[in-house]
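The values are calculated or read from the model by the stated rules, or taken from the named source; none is laboratory data. Because the structure is a prediction, the values reported are computed rather than measured. Neighbour counts run over all protein chains shown; Cβ positions are idealised from the backbone, glycine included.
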Amino acid sequence: MKLFFNAIAQLPDHRFSKNVYQQLSHACLQLLASAKVVALILPLLFFSTVFVPPAPAYAQGATLTPRQVVEYALTLEKLEADFYRRAIAATQGGPLAGVPDMAKTVLVAYGQDEAQHVTDLSAVLRSLGGNPDAIAIPANPNYSAILGRDPFANPTDLLLAGQYVEDLGVAAYKGQVQNLLAAGDAGKTVLAGALEIHTVEARHAAGVRYLRQMLLNADVRPWVRNSSEVIYNENRGGSPIPFGSEAFDGYATREEVLALVGPILTTAQAPQPTPSMTPNRPTSNAPRALW
Amino acid sequence: MTNIRIPQTGIQETAHRPTGVFTSQLDSLLRKSASPSRRNLLKWGLVSFGAAMMTGVPKALMAQPMGSMKTLTFNANDLGILNFALLLEELEAAFYPAALGSGKITDAKEMDYLKALGSHEAAHVEFLRTVLGNNVLFQTSDLSLNSQGLNALLTDRAKILNTAVILEDLGVHAYNGAGPSLTNPTYILAAGSIVSVEARHAAGVRALLGRTTTEPENERLVQDTNLQANLNPFKGRAYDELYTPKQVIAAVGSLRILNNPINGSLVA
């Protein structure tokens with residue numbers, strides 16, 4: 001416990017989160033340029049569809065098939081499950097041994113949920129003719145890419161990284177609902193499954209945020225009050241949906257998510273390399289199935 | 001697409017379930033704390049949803065004069081779903097100010113949370129009314145709240161917070177359940193941007209109570225056997241299952257906070 005609070009005193013979390021956000025938002029802006037053009041015309045499409053059969057108004061990046069969505073989701077779930085496995089291992093005598101039981105319980109429960117998602121999405125992918133084993137993550141993912149330092153070194157960084165990962169997961173699932181809807185009947189089951197997972201990721205994000213507020217006295221709530229709290233583009237403008245309001249969660253396209261996750265999907269070197277938060281295409285270490 | 005059925009691992013409820021005990025499940029959930037008693041757990045094992053499904057309409061309204069009360073008719077289309085969502089948001093938006101006004105919530109953090117939740121629900125109401133425009137089915141003033149039923153949920157802190165959990169969890173299941181029925185891509189994205197906030201609410205209030213932030217199977221108002229199979233490829237704690245609008249309306253009815261009759265193809 002003492003170690004825990006020492007860590008808090010040493011690491012004011014918001015300093016880092018803003019830096020990360022600024023770096024990311026620059027990179028995201030370029031990626032989003034095309035999406036914004038679409039977003040600008042969305043309000044017109046939106047209000048014209050109230051009285052007539054709705055015209056398609058897609059604003060969510062590349063069109064993916066249900067199978068592609070499952071492959072993408074499975075990648076994220078494998079990473080999340082692996083992230084929790086490492087976090088839990090670090091609480092068992094490692095640098096996170098001082099984490100309060102309240103947080104350990106949550107890490108174990110959320111890790112089980114993510115592992116369940118991996119199991120069930122793997123079964124879905126098989127039923128769609130895919131191969132879940134081909135959706136591989138590196139044996140030693142570079143999680144230092146999340147914060148620019150080892151997230152398993154102290155409780156403050158662990159929970160901040162956990163918040164980023166879970167919030168991004170929520171946005172990532174939300175970013176695929178239009179693709180799955182557009183697939184019609186062929187996408188209905190995957191859509192239902194994605195919705196079932198989407199809000200559980202939101203519960204996880206809220207739970208991690210609650211731990212940060214309770215245990216670290218972080219100025220954060222279970223919901224997103226400020227776009228600087230997340231690493232994706234939360235306050236997307238030009239949409240009929242008021243994403244700038246804290247009552248509405250933002251989404252992220254696959255391109256945006258993979259730009260953020262790509263650096264994690266590279267194998268961590270020893271010693272830890274200087275992390276690059278510049279979104280870039282994954283290198284040869286990345287799984288081939290996705291690109 | 002081929003059928004994707006994940007084997008159920010939960011206890012299978014079969015026939016011979018007691019009837020009329022949906023309110024028992026609610027009573028249990030309203031008394032929830034971090035360490036539920038064995039007695040309560042046993043109670044949950046016995047409850048079923050079937051009886052409540054038969055009523056469809058809140059019983060409370062039967063004792064009310066029907067003449068001046070607006071009947072809410074939800075059609076099975078996008079506009080019906082958005083109006084249905086609006087009703088849930090209206091109930092949530094009405095609940096939080098009442099909860100804060102009860103004087104039973106005195107902890108600063110809990111007040112902060114309930115205020116935030118109330119403001120979010122009000123924002124959802126405003127948004128849905130804007131989207132629906134002339135297609136909105138009812139004004140806020142058309143809703144007849146059952147003050148007796150509402151007050152019964154506001155008698156102490158635990159009841160208030162547990163009611164918030166019930167409303168928020170139900171909202172999550174309701175939005176999830178309606179999602180695949182929507183046809184307009186903007187609507188489903190909007191529903192998605194709302195439902196994850198409802199899930200954050202549910203988790204946040206659950207955490208205040210020392211309850212798990214995810215929802216264990218035995219706390220669900222709709223048990224596995226009553227879930228619509230083709231809507232729910234996955235089941236269990238790691239998933240927020242999809243409830244049909246009819247199931248949601250039955251659950252809302254059991255809370256006895258709304259007097260208006262409800263019908264229409266969406267909830268039939």
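Counting only residues that are more than 11 Å from chain A (Cβ to nearest Cβ) and within 17 Å of A:Ala206 (Cα to Cα), the stretch B:105-114 holds 2 of them. Taken over the stretch B:115-145, the criterion of being touching a residue at least 60 places away in the same chain (Cβ under 8 Å), in a helix (DSSP H, G or I) and within 17 Å of the chain's Cα centre (by Cα) is satisfied by B:Leu117, B:His120, B:His124. Scanning the stretch A:203-253 for residues that are within 9 Å of chain B (Cβ to nearest Cβ) and of a type in the set (Asp, Glu), we see that the one that is farthest from A:Val170 (Cα to Cα) is A:Glu246. Checked against (1) closer than 16 Å to A:Val118 by Cα; (2) more than 10 Å from chain B (Cβ to nearest Cβ); (3) of a type in the set (Asp, Glu), A:Asp150 meets all criteria but (1).
Looking only at residues of the stretch B:151-197 that are under 25 Å from B:Asn218 (Cα atoms) and of a type in the set (S, T, N, Q), we find that the one that is farthest from the other protein chains (Cβ to nearest Cβ) is B:Thr155. Restricted to the stretch B:198-217, and to residues there that are aliphatic (A, V, I, L, M) and within 14 Å of the chain's Cα centre (by Cα), the residue that is nearest to the other protein chains (Cβ to nearest Cβ) is B:Ala199. Within the stretch A:160-171, the set of residues being more than 13 Å from A:Glu80 (Cα to Cα) and more than 9 Å from chain B (Cβ to nearest Cβ) comprises just one member, A:Leu160.
Just to be sure before I move on: is A:His198 under 20 Å from A:Gly162 (Cα atoms), facing chain B (nearest Cβ under 9 Å) and either touching a residue at least 40 places away in the same chain (Cβ under 8 Å) or more than 17 Å from the chain's Cα centre (by Cα) (or both) in the structure I sent? So A:His198 does not fit the description; no. Just to be sure, is A:Pro242 assigned to a loop (DSSP other than H, G, I, E, B), at pLDDT 95 or above and touching a His at 6+ places or on another chain (Cβ under 9 Å)? The answer is no for A:Pro242. Among the conditions (1) within 18 Å of A:Asn154 (Cα to Cα); (2) touching a residue at least 60 places away in the same chain (Cβ under 8 Å); (3) out of contact with any helix residue (DSSP H, G or I) (no Cβ under 6 Å at 6 or more places or on another chain), the only one that A:Ala87 does not satisfy is (3).
Among the criteria (1) over 15 Å from the mean Cα position of the chain (by Cα); (2) of a type outside the set (Phe, Trp, Tyr); (3) part of a loop (DSSP other than H, G, I, E, B), the one A:Asp249 does not fulfil is (1). Figure legend. Inter-residue proximity from the stretch B:254-268: first residues at positive phi and surrounded by fewer than 20 Cβ atoms within 10 Å (Cβ to Cβ), second residues at pLDDT 95 or above and in a helix (DSSP H, G or I), beta-carbon distance below 6 Å, spacing 6+ or different chains. Indicated pairs: B:Arg256/B:Gly149.
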